[in-house]
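Input: a single structure, listed below in structure tokens.
The values are calculated or read from the model by the stated rules, or taken from the named source; none is laboratory data. These numbers come from a predicted model, not from an experiment. When we count neighbours, we look across all protein chains shown, and the Cβ atoms used for this are built from the backbone with ideal geometry, even at glycine.
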Amino acid sequence: MAKYGKKAQSEVEKAMHEYKRGQLESGKKGGRVTSRKQAIAIGLSKARRKGAKVPFRENKEK
């Protein structure tokens, strides 16, 4: 069974496209995203808000 739905994949793809062009911003202040992992996390977050099939976030406590 697939872990992520097609809508989630397309949201991550859009976020990565913006990241590669230097247009992806994060947070209220709108700072530029410089990390590939951060770009993927933003795409998944947007997919979650739209109701796409995305697994729950795991809390990694240290």
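A few remarks follow.
- Only one entry of 39, 47, 52 meets the criterion of being part of a loop (DSSP other than H, G, I, E, B), in contact with an Asp or Glu (Cβ under 9 Å, 6 or more places away or on another chain) and surrounded by 14 or more Cβ atoms within 10 Å (Cβ to Cβ), and that entry is 52.
- Hey, residue 35 of a type in the set (S, T, N, Q), at pLDDT 90 or above and farther than 14 Å from residue 5 by Cα or not: yes
- Conditions (1) of a type in the set (S, T, N, Q); (2) at pLDDT 85 or above; (3) part of a loop (DSSP other than H, G, I, E, B): number failed by residue 59: (2)
- The sole residue among 33, 12 that is touching a Ser or Thr at 6+ places or on another chain (Cβ under 7 Å) and buried (at least 16 other Cβ atoms within 10 Å of the Cβ) is 33.
- Those residues of the range 1-25 which are free of Cβ contacts under 8 Å to residues at least 40 places away in the same chain and in contact with a helix residue (DSSP H, G or I) (Cβ under 6 Å, 6 or more places away or on another chain), in sequence order: 12, 15, 16, 19, 24
- Any hit, the range 8-16, residues being in a strand (DSSP E or B) and modelled with pLDDT under 90: no
- Enumeration of residues in the range 15-30 that are hydrophobic (A, V, I, L, M, F, W, C) and exposed (fewer than 15 other Cβ atoms within 10 Å of the Cβ): none
- In the set (1) at pLDDT below 90; (2) touching a Leu at 6+ places or on another chain (Cβ under 7 Å), residue 48 fails one condition alone, (2).
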